[in-house]
Amino acid sequence: MSKMQSWWRWISLGCCLLVGILGFWGGPPALAAEPINKMDAKLASPFGQKLDLNNTNVNGFSRYPGLYPTLARLIVANAPYGKVEDVLAIPNLTERQKEVLKANLDNFAVTEPEVMLGWDRINNGIYR
Amino acid sequence: MIGKLIGPVLCLGIWLWTLLATPAQAITLDDATRTVALNDQGETVTLTLREAERGKQLFNAKCGTCHVGGITKTNPVVGLDPESLALATPPRNTVEALVDYMKNPTTYDGLQEIAELHPSLARTDIYPKMRDLTEDDLYAIAGHILIQPKIRGIQWGGGKIYY
(Lines give C-alpha, C1' and ligand atoms only; values in the text may rest on other atoms or scores of the structure.)
Protein backbone atom coordinates (compact mmCIF):
# COMPACT_ATOMS: atom_id res chain seq x y z
CA MET A 1 0.00 0.00 0.00
CA SER A 2 1.42 3.39 -0.96
CA LYS A 3 1.58 6.34 1.38
CA MET A 4 -0.89 8.22 -0.91
CA GLN A 5 -3.62 5.54 -0.59
CA SER A 6 -3.38 5.44 3.18
CA TRP A 7 -3.73 9.26 3.29
CA TRP A 8 -6.95 9.09 1.26
CA ARG A 9 -8.25 6.35 3.53
CA TRP A 10 -7.93 8.59 6.60
CA ILE A 11 -9.56 11.52 4.80
CA SER A 12 -12.60 9.47 3.76
CA LEU A 13 -12.92 7.94 7.24
CA GLY A 14 -12.86 11.46 8.68
CA CYS A 15 -15.55 12.59 6.26
CA CYS A 16 -17.78 9.66 7.24
CA LEU A 17 -17.37 10.52 10.91
CA LEU A 18 -18.13 14.18 10.25
CA VAL A 19 -21.28 13.38 8.28
CA GLY A 20 -22.32 10.89 10.96
CA ILE A 21 -21.86 13.40 13.75
CA LEU A 22 -23.64 16.14 11.83
CA GLY A 23 -26.44 13.76 11.00
CA PHE A 24 -26.74 12.71 14.63
CA TRP A 25 -26.88 16.26 16.00
CA GLY A 26 -28.65 17.83 13.05
CA GLY A 27 -31.24 15.15 12.39
CA PRO A 28 -33.52 14.74 15.41
CA PRO A 29 -34.66 18.40 15.79
CA ALA A 30 -36.01 18.36 12.20
CA LEU A 31 -38.18 15.30 12.95
CA ALA A 32 -39.35 16.60 16.33
CA ALA A 33 -41.84 19.07 14.80
CA GLU A 34 -45.10 17.16 13.97
CA PRO A 35 -45.68 17.51 10.22
CA ILE A 36 -49.20 18.82 9.53
CA ASN A 37 -50.59 20.12 6.26
CA LYS A 38 -52.96 23.06 5.97
CA MET A 39 -56.00 20.90 5.22
CA ASP A 40 -55.49 18.75 8.32
CA ALA A 41 -55.17 21.92 10.36
CA LYS A 42 -58.45 23.16 8.88
CA LEU A 43 -60.17 19.85 9.61
CA ALA A 44 -59.07 20.12 13.24
CA SER A 45 -61.03 23.40 13.49
CA PRO A 46 -64.88 23.43 13.80
CA PHE A 47 -64.90 22.95 10.00
CA GLY A 48 -64.17 19.27 10.61
CA GLN A 49 -66.95 18.70 13.17
CA LYS A 50 -69.91 20.98 12.36
CA LEU A 51 -71.52 22.51 9.29
CA ASP A 52 -69.16 25.39 8.61
CA LEU A 53 -71.31 28.11 7.07
CA ASN A 54 -68.28 29.65 5.35
CA ASN A 55 -66.67 26.46 4.02
CA THR A 56 -68.94 23.36 4.00
CA ASN A 57 -70.16 22.46 0.51
CA VAL A 58 -73.81 22.12 -0.49
CA ASN A 59 -73.83 18.31 -0.26
CA GLY A 60 -72.59 18.43 3.35
CA PHE A 61 -75.86 20.03 4.44
CA SER A 62 -77.77 16.79 3.73
CA ARG A 63 -76.45 15.49 7.09
CA TYR A 64 -79.30 17.23 8.95
CA PRO A 65 -82.96 17.16 7.88
CA GLY A 66 -84.53 20.23 6.31
CA LEU A 67 -81.37 21.96 5.06
CA TYR A 68 -80.70 20.28 1.70
CA PRO A 69 -81.03 21.54 -1.01
CA THR A 70 -82.90 24.88 -0.79
CA LEU A 71 -81.38 26.33 2.39
CA ALA A 72 -77.96 24.87 1.59
CA ARG A 73 -77.96 26.75 -1.69
CA LEU A 74 -79.01 30.01 0.00
CA ILE A 75 -76.42 29.63 2.78
CA VAL A 76 -73.56 29.01 0.34
CA ALA A 77 -74.71 31.83 -1.95
CA ASN A 78 -74.85 34.38 0.90
CA ALA A 79 -71.53 33.52 2.57
CA PRO A 80 -69.32 34.63 4.23
CA TYR A 81 -70.76 35.10 7.70
CA GLY A 82 -69.15 36.78 10.70
CA LYS A 83 -71.02 34.68 13.27
CA VAL A 84 -73.51 31.79 13.21
CA GLU A 85 -76.55 34.00 13.90
CA ASP A 86 -75.87 36.03 10.73
CA VAL A 87 -77.38 33.16 8.75
CA LEU A 88 -80.85 34.34 9.88
CA ALA A 89 -80.23 37.65 8.07
CA ILE A 90 -80.32 36.04 4.61
CA PRO A 91 -82.83 38.10 2.62
CA ASN A 92 -86.30 36.75 1.69
CA LEU A 93 -86.34 33.74 4.05
CA THR A 94 -89.77 32.25 4.69
CA GLU A 95 -90.96 31.71 8.27
CA ARG A 96 -90.55 27.96 7.90
CA GLN A 97 -87.00 28.33 6.62
CA LYS A 98 -86.14 30.60 9.58
CA GLU A 99 -87.53 27.97 11.96
CA VAL A 100 -85.39 25.25 10.37
CA LEU A 101 -82.30 27.46 10.61
CA LYS A 102 -82.99 28.35 14.26
CA ALA A 103 -83.42 24.66 15.12
CA ASN A 104 -80.03 23.94 13.53
CA LEU A 105 -77.95 26.81 14.98
CA ASP A 106 -76.16 24.31 17.25
CA ASN A 107 -75.06 22.30 14.20
CA PHE A 108 -73.49 25.35 12.58
CA ALA A 109 -70.06 26.86 13.04
CA VAL A 110 -68.18 29.72 11.41
CA THR A 111 -64.47 29.71 10.56
CA GLU A 112 -62.38 31.82 8.22
CA PRO A 113 -63.28 31.27 4.53
CA GLU A 114 -60.61 28.89 3.19
CA VAL A 115 -59.36 29.81 -0.29
CA MET A 116 -57.56 26.45 -0.53
CA LEU A 117 -60.91 24.62 -0.82
CA GLY A 118 -61.54 26.15 -4.25
CA TRP A 119 -64.47 24.47 -6.00
CA ASP A 120 -64.78 21.99 -3.13
CA ARG A 121 -66.57 24.84 -1.41
CA ILE A 122 -69.49 24.34 -3.84
CA ASN A 123 -69.24 20.62 -4.58
CA ASN A 124 -66.49 18.22 -3.56
CA GLY A 125 -67.49 15.75 -6.26
CA ILE A 126 -67.66 12.82 -3.82
CA TYR A 127 -70.64 10.80 -5.02
CA ARG A 128 -71.96 7.32 -4.34
CA MET B 1 -67.70 -55.80 -10.57
CA ILE B 2 -66.99 -52.62 -8.54
CA GLY B 3 -65.41 -51.02 -11.60
CA LYS B 4 -68.59 -51.56 -13.59
CA LEU B 5 -70.87 -50.19 -10.86
CA ILE B 6 -68.89 -47.05 -9.89
CA GLY B 7 -70.13 -45.03 -12.90
CA PRO B 8 -73.87 -45.56 -12.41
CA VAL B 9 -73.54 -45.12 -8.64
CA LEU B 10 -71.78 -41.77 -9.09
CA CYS B 11 -74.44 -40.60 -11.55
CA LEU B 12 -77.23 -41.60 -9.20
CA GLY B 13 -75.47 -39.84 -6.31
CA ILE B 14 -75.05 -36.59 -8.22
CA TRP B 15 -78.67 -36.72 -9.38
CA LEU B 16 -79.89 -37.27 -5.81
CA TRP B 17 -77.65 -34.42 -4.58
CA THR B 18 -79.14 -31.92 -7.03
CA LEU B 19 -82.61 -33.09 -6.03
CA LEU B 20 -81.90 -32.50 -2.34
CA ALA B 21 -79.77 -29.39 -2.56
CA THR B 22 -81.72 -27.15 -4.93
CA PRO B 23 -84.75 -26.25 -2.79
CA ALA B 24 -82.55 -25.46 0.20
CA GLN B 25 -80.23 -23.18 -1.78
CA ALA B 26 -83.01 -21.15 -3.39
CA ILE B 27 -83.21 -17.62 -1.91
CA THR B 28 -86.46 -17.22 -0.01
CA LEU B 29 -87.58 -14.07 1.76
CA ASP B 30 -88.64 -14.99 5.27
CA ASP B 31 -91.36 -13.15 7.18
CA ALA B 32 -88.89 -11.06 9.17
CA THR B 33 -87.26 -9.75 5.99
CA ARG B 34 -90.62 -8.93 4.45
CA THR B 35 -91.73 -6.99 7.55
CA VAL B 36 -91.19 -3.25 7.09
CA ALA B 37 -92.27 -0.01 8.78
CA LEU B 38 -95.80 1.02 7.76
CA ASN B 39 -95.96 4.54 9.25
CA ASP B 40 -94.16 6.84 11.68
CA GLN B 41 -96.31 5.62 14.58
CA GLY B 42 -94.15 2.50 14.72
CA GLU B 43 -96.62 0.15 13.05
CA THR B 44 -95.15 -2.53 10.81
CA VAL B 45 -96.57 -4.59 7.98
CA THR B 46 -95.51 -7.90 6.43
CA LEU B 47 -95.64 -8.08 2.65
CA THR B 48 -96.65 -11.38 1.10
CA LEU B 49 -94.05 -13.11 -1.02
CA ARG B 50 -96.10 -12.28 -4.09
CA GLU B 51 -96.28 -8.58 -3.17
CA ALA B 52 -92.52 -8.47 -2.65
CA GLU B 53 -91.94 -10.05 -6.06
CA ARG B 54 -94.37 -7.66 -7.72
CA GLY B 55 -92.74 -4.72 -5.95
CA LYS B 56 -89.37 -5.70 -7.39
CA GLN B 57 -90.74 -6.07 -10.91
CA LEU B 58 -92.58 -2.74 -10.75
CA PHE B 59 -89.67 -0.89 -9.17
CA ASN B 60 -87.29 -2.07 -11.87
CA ALA B 61 -89.78 -1.16 -14.59
CA LYS B 62 -90.94 2.23 -13.29
CA CYS B 63 -88.17 3.53 -11.02
CA GLY B 64 -85.11 1.49 -12.00
CA THR B 65 -84.12 3.76 -14.87
CA CYS B 66 -82.89 6.39 -12.40
CA HIS B 67 -82.91 4.51 -9.07
CA VAL B 68 -81.06 1.34 -10.10
CA GLY B 69 -79.54 -0.30 -7.05
CA GLY B 70 -81.22 2.26 -4.78
CA ILE B 71 -79.12 5.22 -5.92
CA THR B 72 -80.40 8.36 -7.66
CA LYS B 73 -78.60 8.82 -10.96
CA THR B 74 -79.68 12.45 -11.34
CA ASN B 75 -78.46 13.38 -7.83
CA PRO B 76 -76.23 10.78 -6.17
CA VAL B 77 -76.21 12.78 -2.91
CA VAL B 78 -79.72 11.56 -2.06
CA GLY B 79 -80.45 7.86 -2.57
CA LEU B 80 -83.06 5.34 -1.43
CA ASP B 81 -80.87 3.95 1.36
CA PRO B 82 -82.42 3.93 4.88
CA GLU B 83 -80.23 6.80 6.12
CA SER B 84 -81.17 9.13 3.27
CA LEU B 85 -84.87 8.24 3.60
CA ALA B 86 -84.81 8.84 7.36
CA LEU B 87 -83.14 12.27 7.02
CA ALA B 88 -85.67 13.52 4.47
CA THR B 89 -88.34 16.05 5.43
CA PRO B 90 -90.81 14.56 6.17
CA PRO B 91 -89.02 11.22 6.85
CA ARG B 92 -89.64 8.84 3.95
CA ASN B 93 -88.50 5.59 5.59
CA THR B 94 -91.99 4.06 5.88
CA VAL B 95 -94.41 2.49 3.40
CA GLU B 96 -97.03 5.22 3.83
CA ALA B 97 -94.49 8.03 3.42
CA LEU B 98 -93.10 6.46 0.25
CA VAL B 99 -96.59 5.91 -1.19
CA ASP B 100 -97.33 9.55 -0.42
CA TYR B 101 -94.13 10.53 -2.26
CA MET B 102 -95.13 8.54 -5.33
CA LYS B 103 -98.39 10.50 -5.38
CA ASN B 104 -96.92 13.92 -4.63
CA PRO B 105 -93.10 14.15 -4.72
CA THR B 106 -91.28 16.96 -2.88
CA THR B 107 -87.69 18.16 -2.58
CA TYR B 108 -85.47 16.54 0.08
CA ASP B 109 -86.30 19.37 2.52
CA GLY B 110 -90.02 19.15 1.79
CA LEU B 111 -90.19 22.82 0.81
CA GLN B 112 -91.11 22.43 -2.85
CA GLU B 113 -93.35 20.12 -4.86
CA ILE B 114 -91.48 18.59 -7.77
CA ALA B 115 -94.24 16.70 -9.59
CA GLU B 116 -93.02 18.22 -12.85
CA LEU B 117 -89.51 16.82 -12.32
CA HIS B 118 -90.10 13.46 -10.60
CA PRO B 119 -92.52 10.84 -11.98
CA SER B 120 -95.61 10.43 -9.82
CA LEU B 121 -99.34 9.88 -9.98
CA ALA B 122 -99.81 13.66 -9.75
CA ARG B 123 -98.60 14.21 -13.31
CA THR B 124 -99.34 11.11 -15.36
CA ASP B 125 -99.82 13.43 -18.33
CA ILE B 126 -96.06 14.05 -18.54
CA TYR B 127 -95.03 10.67 -17.03
CA PRO B 128 -97.38 8.22 -18.78
CA LYS B 129 -95.62 5.13 -17.40
CA MET B 130 -97.07 5.96 -13.98
CA ARG B 131 -100.64 5.76 -15.30
CA ASP B 132 -101.31 2.06 -14.71
CA LEU B 133 -100.12 1.98 -11.10
CA THR B 134 -102.78 1.02 -8.56
CA GLU B 135 -102.75 1.61 -4.81
CA ASP B 136 -101.58 -2.00 -4.33
CA ASP B 137 -98.76 -1.42 -6.80
CA LEU B 138 -97.51 1.65 -4.90
CA TYR B 139 -97.64 -0.37 -1.68
CA ALA B 140 -95.59 -3.15 -3.29
CA ILE B 141 -93.00 -0.71 -4.67
CA ALA B 142 -92.64 1.04 -1.29
CA GLY B 143 -92.26 -2.37 0.35
CA HIS B 144 -89.55 -3.34 -2.11
CA ILE B 145 -87.60 -0.13 -1.39
CA LEU B 146 -87.63 -0.93 2.34
CA ILE B 147 -86.93 -4.67 1.96
CA GLN B 148 -83.87 -4.28 -0.27
CA PRO B 149 -81.46 -2.78 2.32
CA LYS B 150 -82.26 -5.74 4.60
CA ILE B 151 -81.13 -8.19 1.93
CA ARG B 152 -78.35 -6.30 0.21
CA GLY B 153 -77.07 -4.05 3.01
CA ILE B 154 -74.76 -1.30 1.79
CA GLN B 155 -75.20 -2.54 -1.78
CA TRP B 156 -78.64 -0.88 -1.73
CA GLY B 157 -77.98 2.81 -2.32
CA GLY B 158 -74.28 2.46 -1.62
CA GLY B 159 -73.36 3.29 -5.19
CA LYS B 160 -71.32 1.71 -7.91
CA ILE B 161 -68.29 0.87 -5.75
CA TYR B 162 -70.45 -1.71 -3.93
CA TYR B 163 -71.92 -3.44 -6.97
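The values are calculated or read from the model by the stated rules, or taken from the named source; none is laboratory data. Bear in mind that the values here come from a model prediction, so they are computed numbers and not experimental data. FYI the Cβ positions are ideal-geometry reconstructions off the backbone, even for glycines, and counts take in every protein chain you see. Accessible surface is based on the protein model in full, side chains and every heavy atom, while ligands, DNA and RNA are left aside. Shrake-Rupley method; radii C 1.70, N 1.55, O 1.52, S 1.80 Å.
With the requirement that a residue be touching a residue at least 60 places away in the same chain (Cβ under 8 Å) and open to solvent by 50 Å² or more (accessible area, probe 1.4 Å), what does region A:95-113 give you?
Once the filter is applied, which keeps residues that are touching a residue at least 60 places away in the same chain (Cβ under 8 Å) and open to solvent by 50 Å² or more (accessible area, probe 1.4 Å), region A:95-113 yields nothing.
Looking only at residues in region B:20-32 that are at pLDDT 70 or above and open to solvent by 100 Å² or more (accessible area, probe 1.4 Å), which one is nearest to residue B:50 (Cα to Cα)?
That would be B:28.
Quick one: in region B:99-128, of everything that is under 18 Å from residue A:61 (Cβ atoms) and out of contact with any strand residue (DSSP E or B) (no Cβ under 9 Å at 6 or more places or on another chain), which residue is farthest from the other protein chains (Cβ to nearest Cβ)?
Here the residue is B:110.
Report whether or not residue A:82 is facing chain B (nearest Cβ under 8 Å), in a loop (DSSP other than H, G, I, E, B) and not aliphatic (A, V, I, L, M).
Against the criterion (facing chain B (nearest Cβ under 8 Å), in a loop (DSSP other than H, G, I, E, B) and not aliphatic (A, V, I, L, M)), residue A:82 does not qualify.
Evaluate region A:71-85: report whether one residue or more is closer than 27 Å to residue B:85 by Cβ and of a type in the set (S, T, N, Q).
Looking for residues that are closer than 27 Å to residue B:85 by Cβ and of a type in the set (S, T, N, Q), one finds none in region A:71-85, hence no.
Can you name the residue in region B:130-150 that is part of a helix (DSSP H, G or I) and open to solvent by 80 Å² or more (accessible area, probe 1.4 Å) and, of all such residues, is nearest to the other protein chains (Cβ to nearest Cβ)?
Per the stated criteria, the residue is B:150.
Restricting attention to region A:29-77, and to residues there that are over 14 Å from residue A:123 (Cβ atoms), at pLDDT 90 or above and open to solvent by 80 Å² or more (accessible area, probe 1.4 Å), which single residue is nearest to the other protein chains (Cβ to nearest Cβ)?
A:63
Just to verify a result, which residue in region B:51-98, among those that are within 12 Å of another protein chain (Cβ to nearest Cβ) and of a type in the set (Lys, Arg), is farthest from residue B:150 (Cα to Cα)?
Once the filter is applied, the top-ranked residue is B:73.
Return the only residue of B:152, B:123 being among the charged types (D, E, K, R) and in contact with a Phe, Trp or Tyr (Cβ under 9 Å, 6 or more places away or on another chain).
B:152
Quick check on this structure: which one of B:135, B:96 is more than 25 Å from residue A:64 (Cα to Cα) and of a type in the set (Asp, Glu)?
B:135
Among the candidates B:111, B:117, single out the residue that is in contact with a helix residue (DSSP H, G or I) (Cβ under 6 Å, 6 or more places away or on another chain), assigned to a loop (DSSP other than H, G, I, E, B) and either surrounded by fewer than 21 Cβ atoms within 10 Å (Cβ to Cβ) or hydrophobic (A, V, I, L, M, F, W, C) (or both).
B:111
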